[in-house]
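What follows is a set of notes on a single structure, which appears directly below.
The values are calculated or read from the model by the stated rules, or taken from the named source; none is laboratory data. Note that the structure is predicted; figures quoted are calculated from it, not measured. When we count neighbours, we look across all protein chains shown, and the Cβ atoms used for this are built from the backbone with ideal geometry, even at glycine.
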């Protein structure tokens, strides 16, 4: 049987802890134009270089924003757990 404290920590985890699969998947998808840019430069194919450069820049911005939001979510999750563990009776839901 789970104690009340464990149930509360599970609720906090469910509410605040960010998942890692979506940002990792998005990173893998968004890094492909960047890799194609290097492959095309190495092969000497310069016909779509401008398009890949623009897409690479946009995708790098998306990756940076995504991981920044993940780290902010992790920080918020840790703060909530710390606040709850400090005094569970005074924690505001």
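Residues in the stretch 23-34 that are touching a residue at least 12 places away in the same chain (Cβ under 8 Å) and under 16 Å from the mean Cα position of the chain (by Cα): 23, 26, 27, 30, 31. Scanning the stretch 12-23 for residues that are more than 13 Å from residue 91 (Cβ to Cβ) and surrounded by 10 or more Cβ atoms within 10 Å (Cβ to Cβ) gives 13, 17, 18, 20, 22, 23. So, residue 74, is that one under 10 Å from the mean Cα position of the chain (by Cα), more than 12 Å from residue 34 (Cα to Cα) and surrounded by 12 or more Cβ atoms within 10 Å (Cβ to Cβ) or not? Yes: the conditions hold for residue 74.
Here is a yes/no grid of residues against (1) at positive phi; (2) at pLDDT below 95; (3) not in a loop (DSSP other than H, G, I, E, B):
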| position | (1), (2), (3) |
| --- | --- |
| 5 | no, yes, yes |
| 13 | no, yes, yes |
| 18 | no, yes, no |
| 54 | no, no, yes |
| 58 | no, no, yes |
| 61 | no, no, yes |
| 64 | no, no, yes |
| 73 | no, yes, yes |
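The residues on offer are 85, 69, 26, 9, and the sole one that is touching a helix residue (DSSP H, G or I) at 6+ places or on another chain (Cβ under 9 Å) and exposed (fewer than 13 other Cβ atoms within 10 Å of the Cβ) is 69. Has the stretch 37-50 got any residue that is touching a residue at least 60 places away in the same chain (Cβ under 8 Å), on the phi < 0 side of the Ramachandran plot and surrounded by 13 or more Cβ atoms within 10 Å (Cβ to Cβ)? No, the stretch 37-50 has no match at all.
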